[in-house]
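This report concerns only the one structure given below.
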Amino acid sequence: MTSPTAAAAKNAETIRAFAEGQNNIDRQAIEALLTEDATFYPGARDASFEGREAFLDALLGWLNNHENGRFTILTEIYTDDEAVNEWRFVAKTQDGADVDTHGIDYFKLRDGKILVKSSFRKV
């Protein structure tokens, strides 16, 4: 097994910090990990949110619709400018329904910050 490059190791730190920011619904922590021109593709057909503020508003809007939400990273793959992680998200909706879903996020990173996040969820 080869050692990760410094860029891949930095990307791993970024994505793990991003997951923790989501778990804490911490806007400032997440914002610090995004490029100014970051784009979020949440998985909904043809939906995209371009720019850091639009990305944050969409992501945090979704997170705030869940109580005690927790992302757990199950599998991780990192390169110098990309990352893929398989995750599990467990929470309750605002009306008390259980949420337990698996998905994969594809990330494109630039200089250790998230440029693109594309989410794919099992439904």
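Under the condition of being surrounded by fewer than 17 Cβ atoms within 10 Å (Cβ to Cβ) and among the aromatic types (Phe, Trp, Tyr), the residues counted in segment 61-84 number 1. Of all residues in segment 33-78, those being out of contact with any strand residue (DSSP E or B) (no Cβ under 9 Å at 6 or more places or on another chain) and polar (S, T, N, Q) number 1. Of the residues making up segment 33-54, those that are touching a helix residue (DSSP H, G or I) at 6+ places or on another chain (Cβ under 9 Å) and closer than 22 Å to residue 72 by Cβ are 33, 34, 40, 42. Contact map, segment 4-27: residues that are without any contact (Cβ under 8 Å) to a residue 24 or more places away in the chain paired with residues that are surrounded by 17 or more Cβ atoms within 10 Å (Cβ to Cβ), Cβ distance under 7 Å, separation 6+ or inter-chain. Pairs shown: 17/33; 21/30; 21/33. Find the residue count for segment 92-123, including only residues that are more than 25 Å from residue 35 (Cα to Cα), under 16 Å from the mean Cα position of the chain (by Cα) and in a strand (DSSP E or B). Of the residues in segment 92-123, 2 are more than 25 Å from residue 35 (Cα to Cα), under 16 Å from the mean Cα position of the chain (by Cα) and in a strand (DSSP E or B). Taken over segment 18-49, the criterion of being aliphatic (A, V, I, L, M) and within 12 Å of residue 107 (Cβ to Cβ) is satisfied by 19, 33, 34, 38. Within segment 93-123, the set of residues being touching a Ser or Thr at 6+ places or on another chain (Cβ under 7 Å) and aromatic (Phe, Trp, Tyr) comprises just one member, 106.
Taking residues in segment 32-54 that are farther than 18 Å from residue 16 by Cβ and without any contact (Cβ under 8 Å) to a residue 24 or more places away in the chain, and partners anywhere that are surrounded by 13 or more Cβ atoms within 10 Å (Cβ to Cβ) and among the aromatic types (Phe, Trp, Tyr), the pairs with Cβ atoms closer than 6 Å and at least 6 places apart or on different chains are 48/41; 49/40; 49/55. A single entry from 75, 93 fulfils the requirement of being at pLDDT 95 or above and β-branched (Val, Ile, Thr): 75.
Keeping to segment 1-48, report how many residues are assigned to a helix (DSSP H, G or I) and hydrophobic (A, V, I, L, M, F, W, C).
Within segment 1-48, the subset assigned to a helix (DSSP H, G or I) is 6-23, 27-31.
With the extra rule that they be hydrophobic (A, V, I, L, M, F, W, C), the set shrinks to 6-9, 12, 15, 17-19, 29-30.
Looking only at that region, the number is 11.
When the residues of segment 55-91 are narrowed to those that are of a type in the set (D, E, K, R), part of a strand (DSSP E or B) and in contact (Cβ under 8 Å) with a residue 24 or more places away in the chain, which ends up farthest from residue 4 (Cα to Cα)?
Filtering segment 55-91 down to residues of a type in the set (D, E, K, R) leaves 57, 67, 70, 76, 80-82, 86, 88.
Checking which are part of a strand (DSSP E or B) leaves us with 67, 70, 76, 82, 86, 88.
Applying the additional criterion that residues be in contact (Cβ under 8 Å) with a residue 24 or more places away in the chain yields 67, 70, 76, 82.
Details: 67: 36, 70: 27, 76: 12, 82: 13 Å.
Per the criteria, the residue is 67.
Of everything in segment 2-60 that is at pLDDT below 95 and at positive phi, the residue that is surrounded by the most Cβ atoms within 10 Å (Cβ to Cβ) is 43.
The values are calculated or read from the model by the stated rules, or taken from the named source; none is laboratory data. All figures in this text were calculated on a predicted structure; none of them were measured in a lab. Because the Cβ atoms are built from the backbone with ideal geometry, glycine has one as well, and the counts that use them run over all protein chains shown.
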